[in-house]
Each structure stands twice: as C-alpha cells, then as structure tokens.
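The next block holds one structure in the form of structure tokens; read it before the comments.
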Amino acid sequence: MAIGEIGLTSSMRSNLVSLQTTARLLGSTEEKLATGKRVNTAVDSPASFFAAQGHTTRANQLNGLKDNINEAIQTVKAADSGIKGVLSTIEALRGVLTQARSAINDTVNSATILAGAAAGGASGLTGQYNRLIGQLNNLVTDSSYKGTNFLTSGSVTLTVNFNENSSTSIVMSGFNSGASGLAISGGGTTLTVASTTGNITSANMDTTAEIDLAEATLNTAISTLQTRASELSANLSVLTARQTFIGEMVNTLIIGATKLTEADTNEEGANLLSLQTKQQLGTTALSISSQAEQSILRLF
C-alpha cells in the first residue's frame, strides 16, 4: 500500500517512525550481543572491518607457514637421528678393527679369524665389517621424512619460507653420509642400496698399517658427521625460533583484529535495556495518540 493512502495524524506517524528506528537499533544491538562483535559487516565500519580482515588473512597465511616449519623441523630431526645411528655403527666398525688388531698377532688362527671358516669370509671379521657397512648404508637410506632425506646426497635441498611474501627463508642442504660419502675404508664408491654390503677383504685387514688406515677413515667420518650434526642443530635452532615467533605474531594479529571489531558486552547490554524501555514507551505513546484520535469520534 502506497504511503499516504491511509491518513495518520502527525503524532501517530512520529511515534511510528520512532518505533521503527528503535526496532532497527534493537536488532543491531542483539546481533552485537549474539556475535560479540560491534563490527559484523563492512557497513558497520568499513575501515575497521577491512583492517581486521587483513589481520585475519595474514594470520591464516602465517599459520600455514608454521605448519611447513614444523614439517621441516621433523625432517631435520629425522636426519639427526640418522646421524646418531651412523655414529653408533661406526663405533661398531671400530670394534671390528680392534678385534682385527688382536687377530693379526695370532699367527696360528689369524687367517681364519679374519676371513672366517666359510668361503667368502662371511663368518669372519671381514664379513662382520662388510655387513656393518651395509647396515650403515641402509640406515642412511631410511632416514627420510616425507620423501626428504638430508643424508643421501648433497643435491638434496629444502627451502622453508618464513613470511607470507617468501622474502625471508632458510635453505638447508643434505650430504652423503653413507660409507662411500664418508670415505670409510671398504665402503665402496657409491651409496649402496638395501641388502648390499661393504667390499673390504681380509687382505685389506691383515697388517697393522692397513688397520690404522681403515681406522683413520672412521675417525675422519666421525669428524665429518659431528660437523654436519652441528649444522643441523643450528638449522633446528633457527626453525624453532621462527616457529615460536610466528606463533606469537599470529596471536598478535588475531588480538588486533578482535580489538577492531569486538563489542563491549556491558555497554551493549545496557543499550538493549534502554532500547527495550524506549520501545515500550513508544508503543504506549502510539496507543495514546490512537486514543486521542478515537476521542474525536465521540463528538459525532
């Protein structure tokens, strides 16, 4: 029905407009109390709404980066565990060489102890040494996390971004920590695959000079691994520090977004009570205006 088709007195229309305004304000106040926000749409406050939205968007992006950093930390920890395993295996290789030193002094049983009674030296110290080489290589190939293995090759790299623009990052590189990569005597020329062994023979282990040479390669390997472990530790420290920083930054952004849009529930509660009272008074005033108009009819 078009406005003006029904005639209302000036006081009735004024009271009606006041009631409509109050109802609108009541709806807005109830929404603020329900959501806990004073800015729910861009209409409420464009500046605050879009600023808060920007903070929230960046917080979500940083959360994604934090997940990537966590995965990188686990990759580094997997490599560190692998290095510890390799060091333990090298100590076992040292033990074999120590036994070999004693064996070469046994002029009667030396050959049997070194080469073993079975053909191919599988049961002697040579066989033990070669099998340990194989286990060392197997351990290296198993030290991967989500397909990334820092212990197999120097060509393995992992880039971890620290901000949403990818302008700050860390690039971590791997290295060959297999027997060949560490240049361990009898380790072969390449990082061998599972189920293979070293290639040392009893002829490479039957003099003190040869054992000293083999042990020297183990000492060098240990030094190399310690250096690499130190690098991994430094990378881990950087990643952990960044993870903590990003977590704090996300909290800062979320708090900032909240402060831009959150409602004062005490104030809005008071507003609600005031508007409800105003609505009741407006309804009463409209009723009085209606009664005043009806009283005119009594004149007829």
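Read the figures in this text as sums done on the coordinates, not as results from a lab. None of these values were measured; they are calculated from a predicted model. Cβ atoms come from the backbone with ideal geometry, glycine included; neighbour counts cover every protein chain shown.
Working from Cα pairs under 8 Å separated by at least six residues, relative contact order for segment 54-258 is 28 percent.
Placing R0 at 35 angstrom, the Cβ-Cβ distance between Glu71 and Ile255 gives a FRET efficiency of 0.85 after rounding to 0.05. Simple rule: put +1 on each Lys or Arg Cβ and -1 on each Asp or Glu Cβ in segment 54-258, find the dipole, and look at Val238, Leu62, Gln135; the Cα lying farthest toward the positive end is Leu62. Ordered by the number of other Cβ atoms lying within 10 Å of each residue's own Cβ, fewest first, Thr258, Thr227 fall into the sequence Thr227, Thr258.
Database remark: amide H of Lys37 closer than 5 angstrom to the amide H of Ala263 (H placed geometrically; neighbours at sequence offset of 5 or more, or on other chains; Pro and chain starts carry no H).
Toward the positive end of the charge dipole of segment 202-261, with +1 on the Cβ of Lys and Arg and -1 on the Cβ of Asp and Glu, the farthest Cα among Ala229, Asn251, Leu218 is that of Asn251.
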